[in-house]
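The block underneath contains the structure these notes are about, expressed in structure tokens.
Each value in this text was obtained by applying a stated rule to the coordinates, not by laboratory testing. Bear in mind that the values here come from a model prediction, so they are computed numbers and not experimental data. Methodologically, a virtual Cβ is constructed for each residue, glycine included, from the backbone with ideal geometry; neighbour enumeration extends over all protein chains shown.
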Amino acid sequence: MTPKEKQKLTAEKQQLLKQILNYSYEVETDGGRLVIGVMREGQLPRCADLLADTFVDTKGIQAYRRYVRRNILTYLEQHHKMPPAAVVLTAVLHSTVPQQQQQQQQQTRVVQQLVGVAEVSFSESTRSAYLTLNPPRKCAYLCNMAVSNECRRKGVASHLIAAIEDMCNLAGERDVYLHLRIKDEATAGLLYTKVGFRPHKKDWPLLLLLGQEPRFLMRKQLPAARPLQGRVALPEQQQQQQEEGAAAGSVERQQEAAAVEAAASSAA
Ligand SMILES: CC(C)(COP(=O)(O)OP(=O)(O)OC[C@H]1O[C@@H](n2cnc3c(N)ncnc32)[C@H](O)[C@@H]1OP(=O)(O)O)[C@@H](O)C(=O)NCCC(=O)NCCS
């Protein structure tokens, strides 16, 4: 979003934008620390790869895959500038992996891997119009949810949905909708049911004859008052936390250094 576009937002929307951009959701998982936040510019290529490989069967034809990916990248570049009207969230896994042993010391390093993406739209103007089952004009609408193959069934999508519900909370939306293809009922459908979505409307199955994939319009009603599951650290709070952290950190750093030294000497 350009500074000119930002100026056009009402004060309320500007506050919401600030909260969204400073939002983060962190959780420890078996595979490492999962960090969810608004998609950053540097993440656009990886998100395009993930969505292209998840949603389009390019039948191994590289030229077709490049074409699909390019279109998705253009879409993401546009939606990256859309908050607060639409927000793309990414899930990044921070895992600790062993590194080459150096001087007999066991070293580790943290690897960051973008493993999930999901979008929530708060404005009809940011989403496609469908032939059937359009969600209400004014609602939150979840779409483009994908988790990389190797990280599935580890709770990534469930955490992304929790973060999207936080976005709805910040935006003051109580109803979240999404489309689920009927053929995905026994896979993605189980995920959405588990986190509280219920079928709201269903397509006529013979829609297939018109070349359309029949879907459910799913809906979840969120409770009125609920605390955020992630957190919003506004710049002024971040500064305060950094100052507090700097004081506490000197003790922590000493403890950390002592622990590293102890580990190194026991490995030697
Ligand atoms: C659907 C998808 C987003 C799920 O992501 P995920 O990170 O694996 O989901 P979670 O680990 O949070 O799953 C939570 C629960 O949902 C259910 N679930 C999720 N995926 C499932 C699957 N493929 N089959 C059956 N149940 C599934 C399970 O109950 C699971 O809990 P469990 O693993 O303890 O049994 C992922 O498989 C994906 O990207 N699929 C392709 C794209 C897609 O279908 N997107 C949704 C479009 S509507």
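When the Cα centres of region 31-103 and region 124-141 are compared, how far apart do they sit, in Å? With region 31-103 and region 124-141 each reduced to a Cα centre, they are spaced 24 Å. Peptides 145-156, 115-126, 66-77 ordered by packing proxy, namely the average of other Cβ atoms within 10 Å per residue, highest first: 115-126, 145-156, 66-77.
Dipole check for region 3-232: with +1 at the C-beta of Lys and Arg, -1 at the C-beta of Asp and Glu, and the Cα centre as origin, the magnitude is about 340 Debye.
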